[in-house]
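Each remark here refers to the structure printed beneath this line.
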Amino acid sequence: QVQLVESGGGLVQPGGSLRLSCAAPGSMFRIYVMAWYRQAPGKQRESVARITSCGDTPYADSVMGRFTISRDNAKNLVYLQWNSLKSEDKAVYYCNRFPAVSAWGQGTQVTVAS
């Protein structure tokens, strides 16, 4: 079972920037479609960005233009970077395959507050 480990969250002011990292062990990592998901308080978990093995990066409308997903296949890492954080970006962020078939990691909390 793949163990996913997310990191990089924290408290950020509105308009600030942040980069999250996800370590996803496994020799087949490079062929998986990987995604970042988030779960805001009282809401269901949703996919916000994904990246294919070829580097295509579909984004949810809510984050289009602000989020950037990338991957480093040599290190089995997936990143999520964004500028202009908004209060509605407050959530626990997770990575997983897309569709999500691996066990969820603990996620990383992102809080946006002045």
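The values are calculated or read from the model by the stated rules, or taken from the named source; none is laboratory data. Treat the numbers as computed from the prediction; the structure is a model and nothing was measured. Every residue, glycine among them, receives a Cβ derived from its backbone with ideal geometry; neighbour counts consider all protein chains shown. The accessibility values were calculated without ligands, DNA or RNA, using every heavy atom of the protein model including side chains. Shrake-Rupley method; radii C 1.70, N 1.55, O 1.52, S 1.80 Å.
Counting only protein heavy atoms and a 1.4 Å probe, the chain has 54 square angstrom of accessible area per residue. Here the spin labels are modelled as points 7 Å beyond Cα on the Cα-Cβ line, and at Glu88 and Gln109 they lie 2.3 nm apart. For Asn83, the shell of other residues with beta-carbons less than 13 Å away shows a net charge of +2, using +1 for Lys and Arg and -1 for Asp and Glu. Note on the stretch 1-107: with charges restricted to the Cβ of Lys and Arg (+1) and Asp and Glu (-1), its dipole about the Cα centre is near 80 debye.
Full extension of the segment from Ser102 to Ala60, taken as 0.36 nm per residue of separation minus the current Cα-Cα distance, would add 13.0 nm. Here the accessible area of the chain is 47 percent carbon and sulfur, with a 1.4 angstrom probe and all protein chains present.
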